[in-house]
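These notes are about the structure you will find just below.
The values are calculated or read from the model by the stated rules, or taken from the named source; none is laboratory data. Model, not experiment: these values are computed from the prediction. Reconstructed Cβ throughout: ideal geometry from the backbone, glycine too, with neighbour counts over all protein chains shown. In case anyone asks, the SASA skips ligands and DNA or RNA and just uses the protein heavy atoms, side chains included. Shrake-Rupley method; radii C 1.70, N 1.55, O 1.52, S 1.80 Å.
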Amino acid sequence: MPPPKKAAKKAAKKAAKKTAGHHHDKHHQVNDLRRAYEHMGRVAVLRRSSKSSTADAVAELTTLAQRAIKDGHSKDAADLLRASEHLSFAVLAGEVSGVVRISAELKQSITEHFDELRRRADEHWEEEEHSNILAGIYQSSRNSAAKAFKACAYHQALEFARAAEALTHVKQHGPLKLERGHKNLQLKSA
């Protein structure tokens, strides 16, 4: 057992951390709200240029993000909108991608990063329960990533993989909070 002075110091340190932690949480909430605002602006620009099946998924994620902001879940909103950005870029990458020769080192690095994104997504996805909407968009993003990677459309594959990974950070708050009963959304790679 620590001497009384050390125990008192330890207790004071712990109390200070709790107070700092509360401020830290509030600071994160403000940053998450700013991130959501920035992502919302980028997604709005990207949605104007996207005329594909991904536009439905992006619209759905945007609606969910707006609801998350309204419900005080800024971090979830930012992650939903980050996924929307990646989906939008994946579509645009498919529209402009051509055959690009890359070195063996670059291909290895891309493959490692792609595998890491998929591994992290798989790990995080299993930790939470998700709505049918998010599950459908997540699975479609993963499938599109694999298809694009197999076709050597690496920019597109990485964007789809990043979208799936971003969705794994969204927490479901309450029963069916993110559920809307819309049709299953299928994303298509170029």
Output for the stretch 154-190, where each listed residue is out of contact with any Ser or Thr (no Cβ under 9 Å at 6 or more places or on another chain), part of a loop (DSSP other than H, G, I, E, B) and either modelled with pLDDT of 95 or more or farther than 18 Å from GLU60 by Cβ (or both):
GLY174, PRO175
By residue number, the members of the stretch 112-135 that are farther than 15 Å from LEU61 by Cα and either of a type in the set (A, V, I, L, M) or open to solvent by less than 40 Å² (accessible area, probe 1.4 Å) (or both) are PHE114, LEU117, ALA121, TRP125
Sort out which residues of the stretch 128-153 are touching a Ser or Thr at 6+ places or on another chain (Cβ under 8 Å) and without any contact (Cβ under 8 Å) to a residue 12 or more places away in the chain, and write them in order of number.
none
Evaluation of ALA148 against (1) more than 22 Å from ALA68 (Cβ to Cβ); (2) in contact with a His (Cβ under 9 Å, 6 or more places away or on another chain); (3) modelled with pLDDT under 85 (one fails), failing number:
(3)
